[in-house]
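Please read the structure below before turning to the comments.
The values are calculated or read from the model by the stated rules, or taken from the named source; none is laboratory data. As the structure is a computational prediction, the values presented were derived from the model and not from experiment. Cβ: placed from backbone, ideal geometry, glycine included. Neighbour counts: every protein chain shown. These accessible areas exclude ligands, DNA and RNA; they are computed on the full protein's heavy atoms, side chains included. Shrake-Rupley method; radii C 1.70, N 1.55, O 1.52, S 1.80 Å.
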Amino acid sequence: MRMRALVLGAAAGGGLPQWNCGCRNCDAARAGKLAAQTQSSLAVTVDDKTWIIFNASPDIRAQFTNNRQLWPTHLRESPLHSLVLTNADIDHIAGLLTLREKQPFTLFLTERLDEILKPNSVFQALDPALVSKRICKLDTWFQIGATSKARLFPVPGKVPLFLEKDEVDTGMLGEQTVGIEFEANGARLLYVPGCAAITAEIEAKVTDADALFFDGTLFDDREMITAGLGQKTGKRMGHMSMSGEEGSLAAFHKFKCPRKIFVHINNTNPVWAEGSPERKEVEANGWEIGYDGMEITL
Ligand code: MLT
Ligand code: MN
Ligand code: ZN
């Protein structure tokens, strides 16, 4: 075992079911016909003891309960070693508030993401005496854990929904949306839960990755509109969709990454339903659909 990765939450913001959504998938999840899924997060371990978590989902409390790997090892001791943020969307930061209970860990994030969190005094709930922050520069390896390292790289995206103004650039390349490259014991994993478009840098990284966890928000860019659930395309939300000429299936077709796994999947996405034509198409392209509790060993 070089590395294990555990999907804590495979759904996009809102989860499956989303509290106020009556779409087909959400209804099926409430009825127990589709497995419910919590919001976006991945955990990795290289020593089978301590875990590094990518993104703090609003469902992190349930995720710590649902996954035995993360249960406390002593009276007040958690396998949580550190946490890395890929953006400041609510589905990736709200869980930080749950982690306030006197637990030491290290929070890795870019300076821009720190600038978003810092003025919001509610995040002072994380006691700086226990939670140390490490500001990460883009494209620069940093040590995380005793025998692993990581590097954040820019991914096209936008500012969080709560910071949007009239004009929204969904293709910003900088510190507000990043992917994580994680390496240990000769294995390399990529985690990119939000991505508006593919770049040459992402392509180059996929070429020698052992596993890719990638933004699977929508199958069809107009899916939310077609379902009567809103006016936004996936693109406008800062997410490239699976299908279409500019979609992720086409973009990654030529790359032979051994494990390509979709995560951050929106509740409207038809790939949730096993046997759906969309699910078959995705699987025929060599992709797996992530799900809560899915664990892979590299
Ligand atoms: C997204 O991934 O687009 C965001 O999580 C949306 C949101 O903040 O609700
Ligand atoms: Mn999201
Ligand atoms: Zn729904």
Discussion item. Checking the condition without any contact (Cβ under 8 Å) to a residue 60 or more places away in the chain and within 20 Å of the chain's Cα centre (by Cα), which residue from L126, L96 passes?
Written reply: L96
Item to complete: Please indicate, with yes or no, whether at least one residue in region 68-88 is within 16 Å of ligand 3 (Cβ to nearest atom) and assigned to a strand (DSSP E or B).
Response: no
Discussion item. Report every pair of residues separated by at least 6 positions or lying on different chains whose Cβ atoms are under 8 Å apart, first residue within region 205-223 and on the phi > 0 side of the Ramachandran plot, second outside any strand (DSSP E or B).
Written reply: none
Discussion item. Among the residues of region 259-278, what is the count of those that are within 20 Å of M224 (Cβ to Cβ) and open to solvent by 30 Å² or more (accessible area, probe 1.4 Å)?
Written reply: 4
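Given A43, A5, A29, which one is touching a strand residue (DSSP E or B) at 6+ places or on another chain (Cβ under 6 Å), more than 28 Å from V155 (Cβ to Cβ) and at pLDDT 95 or above? So that I can check it myself, show each step before the final result.
Working: A43 fails: more than 28 Å from V155 (Cβ to Cβ); A5 fails: more than 28 Å from V155 (Cβ to Cβ).
So the residue among A43, A5, A29 that is touching a strand residue (DSSP E or B) at 6+ places or on another chain (Cβ under 6 Å), more than 28 Å from V155 (Cβ to Cβ) and at pLDDT 95 or above is A29.
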Worksheet item: When you go through L80, L126 one by one, which is the residue that is open to solvent by less than 80 Å² (accessible area, probe 1.4 Å) and more than 12 Å from I53 (Cβ to Cβ)?
Response: L126
Response to the item:
Restricted to region 162-186 and to residues being aliphatic (A, V, I, L, M) and surrounded by fewer than 20 Cβ atoms within 10 Å (Cβ to Cβ), the residue nearest to A146 (Cα to Cα) is L173
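So which of G293, G244 is in contact with a strand residue (DSSP E or B) (Cβ under 8 Å, 6 or more places away or on another chain) and surrounded by fewer than 20 Cβ atoms within 10 Å (Cβ to Cβ)? Break it down into steps so the answer makes sense when it comes.
Numbers: G244 fails: in contact with a strand residue (DSSP E or B) (Cβ under 8 Å, 6 or more places away or on another chain).
Of G293, G244, the one residue that is in contact with a strand residue (DSSP E or B) (Cβ under 8 Å, 6 or more places away or on another chain) and surrounded by fewer than 20 Cβ atoms within 10 Å (Cβ to Cβ) is G293.
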Worksheet item: Going through region 247-258 one residue at a time, which ones are open to solvent by less than 70 Å² (accessible area, probe 1.4 Å) and either within 25 Å of F54 (Cβ to Cβ) or among the basic types (K, R) (or both)?
Response: G247, S248, L249, A251, F252, F255, C257
Worksheet item: Taking S241, is it hydroxyl-bearing (S, T, Y), closer than 24 Å to F54 by Cβ, in contact (Cβ under 8 Å) with a residue 40 or more places away in the chain and away from ligand 3 (no atom under 16 Å from the Cβ)?
Response: no
Worksheet item: Quick check, is R188 in contact (Cβ under 8 Å) with a residue 24 or more places away in the chain and of a type in the set (K, R)?
Response: no
Worksheet item: Restricting the first residue to region 66-87 and requiring it to be within 30 Å of L163 (Cβ to Cβ), which pairs with a second residue that is within 16 Å of ligand 3 (Cβ to nearest atom) meet a Cβ separation below 6 Å and a spacing of at least six or different chains?
Response: none
Worksheet entry | Residues satisfying the stated conditions in region 40-78, i.e. under 22 Å from H239 (Cα atoms) and acidic (D, E) | D59
Item to complete: Could you grab me the full set of residues in region 201-216 that are of a type outside the set (A, V, I, L, M), within 12 Å of C257 (Cβ to Cβ), part of a helix (DSSP H, G or I) and open to solvent by less than 70 Å² (accessible area, probe 1.4 Å)?
Response: E203, K205
Worksheet, complete the sentence: Selection over region 29-65 where residues are closer than 17 Å to R4 by Cα and away from ligand 1 (no atom under 16 Å from the Cβ) yields a count of 13
Worksheet item: Hey, among the residues in region 18-48 that are farther than 19 Å from L83 by Cβ and within 16 Å of ligand 2 (Cβ to nearest atom), which one's surrounded by the fewest Cβ atoms within 10 Å (Cβ to Cβ)?
Response: W19
Practice prompt. Go through region 217-235 and give me each residue that's assigned to a loop (DSSP other than H, G, I, E, B) and open to solvent by less than 30 Å² (accessible area, probe 1.4 Å).
Written response: T217, L218, F219, G230, G234
Worksheet, complete the sentence: Taking first residues from region 100-123 that are over 17 Å from P58 (Cβ atoms) and open to solvent by 30 Å² or more (accessible area, probe 1.4 Å) and second residues anywhere that are part of a strand (DSSP E or B) and charged (D, E, K, R), the pairs with Cβ under 9 Å that are 6 or more apart or on different chains are Q103/E77
Worksheet item: Can you name the condition, by its number, that R151 falls short on among (1) open to solvent by 10 Å² or more (accessible area, probe 1.4 Å); (2) outside any strand (DSSP E or B); (3) closer than 30 Å to G234 by Cα?
Response: (2)
